[in-house]
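Comments concern the structure below.
The values are calculated or read from the model by the stated rules, or taken from the named source; none is laboratory data. Computed from a predicted model, the values in this text were never measured in an experiment. Cβ sites come from the backbone with ideal geometry, for glycine too, and all protein chains shown count toward neighbours. To get the accessible areas, we keep the full protein, side chains included, count just its heavy atoms, and leave off ligands, DNA and RNA. Shrake-Rupley method; radii C 1.70, N 1.55, O 1.52, S 1.80 Å.
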Amino acid sequence: MPARLMKLIEGAPWREAVTYRETWPHEYVMSDSDGQGELLNAICERFRAGQGVDGRFFSRNNTYLFIGNYKYWLMTNWDEIEPGANYVINRARLYRDRRDFVIQRGDTRKQEDYPVTPANDD
């Protein structure tokens, strides 16, 4: 992993997200108000280079970037990012199972509650 991206990630002021705190804990920073425009650009560069992985959070399609023990994603599709706007950059610890790619109805963060029926595309 390039040192520049790791340095940006390590220097970001990550904070706990209140949304989904009890079910899908994650952290976030804001690209503009937290001064993380360079981090946003570095993540988008990776997506443009084809390094993102398609996944889904319930019915919402996302592109994830896997780095170390975390997956990173944006609340706005990476190819719709406009200069000067404020965007959410999220990250969550990896589960190291299919939840890293598809989160579906009935999922919780508990392994024992994980649905045995594979996710579908509806």
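Data for the structure
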quantity	calculated
Of all residues making up the range 85-104, the number that are of a type in the set (K, R) and either open to solvent by less than 40 Å² (accessible area, probe 1.4 Å) or at positive phi (or both)	3
Per-region count, the range 41-50, residues open to solvent by 60 Å² or more (accessible area, probe 1.4 Å) and either within 14 Å of G84 (Cα to Cα) or of a type in the set (A, V, I, L, M, F, W, C) (or both)	2
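Per-residue answers, yes or no, for (1) in contact with a strand residue (DSSP E or B) (Cβ under 8 Å, 6 or more places away or on another chain); (2) open to solvent by less than 50 Å² (accessible area, probe 1.4 Å):
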| position | (1), (2) |
| --- | --- |
| D34 | no, yes |
| L39 | yes, yes |
| R56 | yes, yes |
| N62 | yes, yes |
| F66 | yes, no |
| P83 | no, no |
